[in-house]
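Written below as structure tokens is the structure these notes are about.
The values are calculated or read from the model by the stated rules, or taken from the named source; none is laboratory data. If you're wondering where the values come from, they're calculated on a predicted model, not measured in any experiment. Glycine gets a Cβ as well: all are built from the backbone with ideal geometry, and neighbour counts include every protein chain shown.
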Amino acid sequence: MPPRGQTWTTLASLRGSHKNGFRQHEPGVIGIGSEPQFAIGQRAIFAQTPGGNILWDCIALIDDATVALLKGLGGVQAIAISHPHFYTTHVEWARAFGCPVYLHAADRDWVLRPDSCQQFWDGATKTLWDGVTLVRCGGHFPGGTVLHWAGGAAGNGIVCAGDILTVATDRKWLSFMRSYPNLIPLSRREVEAIGRAMQPFTFAHIYGHYFDRVIAADAKAVLDKSVARYIAAIEGTRGY
């Protein structure tokens, strides 16, 4: 965020200055991000699962080329978003593909544009269809959510995490924050709750919110050791 604060634009203006780029991370997992970088530079994930295609998280730019490409890949059967920072133009995305948008009910107050596409869910998990589960982790936002696809990573499982589980710069660790621009960390209780929420799931890869923020192997073990390291650091028991 620049020192002058946020500024605003329109979708029409963005379509004139930007385009979307695509990167296949692995079979069935395609990243979508705007070029040149816009906002915080996040990218969405298009996951092609046997039960249907999912758009995970959202980017602001949706244009004719993006819609045509994704429809050629089978369209989008559902959109799921990790937390309000990535709500952006999800209504336009939902209308383009005629699909629902799944948002956790704990974050309902941040929805400033109510629409019939929004499907609010409650509780700890929501199964979209076989092998695809939304998991409430909390932390960054009360309804902070990740997506688990059991069939990803050649059947070893993947997690699409946004910045609920933040992939560190070295891609060897995860970390956790309440507020990134204000550098406010999460408490021990909140991070332990994230670890418990993810415990039932098996996964080899974690996809963060940038193209290059990917845990490419042993992701479940990385999460476990990262929770332990984080707690030791904030409790003052971690050795240096």
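Okay, here's what the table says:
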item: Considering residues of region 26-72 that are more than 27 Å from V135 (Cβ to Cβ) and hydrophobic (A, V, I, L, M, F, W, C) only, the residue surrounded by the most Cβ atoms within 10 Å (Cβ to Cβ); result: L61
item: Selection status of D57, in contact with a helix residue (DSSP H, G or I) (Cβ under 6 Å, 6 or more places away or on another chain), within 21 Å of L103 (Cα to Cα) and modelled with pLDDT of 95 or more; result: yes
item: Given (1) of a type in the set (S, T, N, Q); (2) surrounded by 19 or more Cβ atoms within 10 Å (Cβ to Cβ); (3) more than 20 Å from G33 (Cβ to Cβ); (4) out of contact with any strand residue (DSSP E or B) (no Cβ under 9 Å at 6 or more places or on another chain), index of the condition Q118 fails; result: (4)
item: Members of region 1-15 found to be more than 10 Å from A60 (Cβ to Cβ), free of Cβ contacts under 8 Å to residues at least 12 places away in the same chain and either surrounded by 10 or more Cβ atoms within 10 Å (Cβ to Cβ) or touching a strand residue (DSSP E or B) at 6+ places or on another chain (Cβ under 7 Å) (or both), listed by number; result: S13
item: Some residue of region 141-155 being modelled with pLDDT under 95 and within 19 Å of E192 (Cα to Cα); result: no
item: Test result for A124, under 24 Å from F203 (Cβ atoms), hydrophobic (A, V, I, L, M, F, W, C) and buried (at least 19 other Cβ atoms within 10 Å of the Cβ); result: no
item: I32 out of contact with any Pro (no Cβ under 9 Å at 6 or more places or on another chain) and either part of a helix (DSSP H, G or I) or touching a residue at least 40 places away in the same chain (Cβ under 8 Å) (or both); result: no
item: Filter result for D130 (among the charged types (D, E, K, R) and either under 24 Å from A228 (Cα atoms) or without any contact (Cβ under 8 Å) to a residue 40 or more places away in the chain (or both)); result: no
